[in-house]
Amino acid sequence: MPKLVLTYFDFDGGRGEAARLAMHLGGVAFVDKRIAGKDWPALRDSTPFQAMPVLEVDGRTIAQSNTINRYVGRLADLYPRDDMPAALADEVMDAVEDISTRIGNTIALDGEARKKTREALAADAIPRFLQQIEARLKAGGGEWFVENRLTVADLKCYLWVRWLKSGALDHIPADIVDRHAPLLAKHLERLQNHPKIAAYYAARKK
Ligand SMILES: N[C@@H](CCC(=O)N[C@@H](CS)C(=O)NCC(=O)O)C(=O)O
C-alpha cells in the first residue's frame, strides 16, 4: 500500500470528506492532514490548482476531489472495477460536484445577491439535480447507486444531501430534499446509520 497523505480543511465535510470516509471504511491507512483556514493562504500556491483536497501518494501529488475519490475508492474496494458501473458512479459524483460548486459559489456573495442566487437555485437547479440523481439511485435498485453496494458515489451524494438538510444554507429550504427526492433522504439515513460511519463521527465528536 502506498504512503497516503490527504490534505484538506479541518472540518468534517466538503470536497475532502468522501475520500476520508472511503479510506476509513476500507481500512486504508492515511495521514489525515487538516488545515486551519488561517493557514490556507500560505499553502495555496504550493497546491497544483490552488485548491484542496490534494492527495500525496508516495510523495506524488494528485488533485481534484473526484479523481482522489476514484483513486482511494479503488484502494478501499469502494469503486467499481467494470466500465459501466464505474461510469455510472462517476456520473453521480460529477453531477454532485457540479451542483455543489454552484451552491458553494454563493458563499462569497453579499446578502441580497446571495439570497437571489440561492432562491433561483432552490427553484430550479437543485430540484432538477435531486430528481435526476434520485432517478439514478432508483435505477440502481433504490438503496445504492451501483453494484448493490456502497461505493464512493454513495459517499459523495450522502455528504451533499447532508449539507442541504443541515439548515446551514440560508434561502435554501432544509426540506428541499424531502420534497423533491425522498429516496435520497432515506439514502442519507442509510449512510448515517452505517455502523462504521456512525462510529467514525461519534469518535470525531469526542
Ligand atoms: N475542482 C476542484 C475544486 C477544489 C476547490 O475549489 N476546493 C476548495 C475547498 S472545497 C478550495 O480549496 N478553496 C480555497 C480557495 O479557493 O482558495 C475539486 O473538485 O477538488
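The values are calculated or read from the model by the stated rules, or taken from the named source; none is laboratory data. Everything quoted here is computed from the prediction, not taken from an experiment. Neighbour counts are summed over all protein chains in view; Cβ atoms, including those assigned to glycine, are modelled from backbone coordinates with ideal geometry. These area figures cover heavy atoms from the full protein model, side chains too; ligands, DNA and RNA do not enter into them. Shrake-Rupley method; radii C 1.70, N 1.55, O 1.52, S 1.80 Å.
Of everything listed in (1) hydrophobic (A, V, I, L, M, F, W, C); (2) open to solvent by 60 Å² or more (accessible area, probe 1.4 Å); (3) not in a loop (DSSP other than H, G, I, E, B), the single unmet condition for residue 122 is (2). Taken over the range 83-119, the residue count meeting the criterion of being closer than 28 Å to residue 169 by Cα, open to solvent by 50 Å² or more (accessible area, probe 1.4 Å) and either at pLDDT 95 or above or within 16 Å of the ligand (Cβ to nearest atom) (or both) is 14. Report the residue count in the range 153-195 for those that are over 25 Å from residue 70 (Cα atoms) and among the polar types (S, T, N, Q). Within the range 153-195, residues that are over 25 Å from residue 70 (Cα atoms) and among the polar types (S, T, N, Q) number 1.
A quick yes/no check of all residues on (1) under 19 Å from residue 90 (Cα atoms); (2) within 15 Å of the ligand (Cβ to nearest atom):
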site: 3; (1), (2): no, no
site: 15; (1), (2): yes, yes
site: 20; (1), (2): yes, yes
site: 33; (1), (2): no, yes
site: 42; (1), (2): no, yes
site: 61; (1), (2): no, yes
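Scan the range 180-195 and give yes if some residue there is assigned to a helix (DSSP H, G or I), open to solvent by 60 Å² or more (accessible area, probe 1.4 Å), at pLDDT 95 or above and of a type in the set (Lys, Arg), otherwise no. Among the residues of the range 180-195, at least one is assigned to a helix (DSSP H, G or I), open to solvent by 60 Å² or more (accessible area, probe 1.4 Å), at pLDDT 95 or above and of a type in the set (Lys, Arg), which makes the answer yes. Name every residue in the range 56-76 that is on the phi > 0 side of the Ramachandran plot and surrounded by 13 or more Cβ atoms within 10 Å (Cβ to Cβ), in order of residue number. Of everything in the range 56-76, just one residue is on the phi > 0 side of the Ramachandran plot and surrounded by 13 or more Cβ atoms within 10 Å (Cβ to Cβ), namely 64. Would you mind finding the one in 80, 53 that is crowded, with 20+ Cβ neighbours inside 10 Å and more than 18 Å from residue 15 (Cα to Cα)? On inspection, the qualifying residue turns out to be 80.
Condition check: touching a residue at least 40 places away in the same chain (Cβ under 8 Å) and open to solvent by 60 Å² or more (accessible area, probe 1.4 Å). Does residue 12 satisfy that? Here the answer is no, as residue 12 does not meet what is asked.
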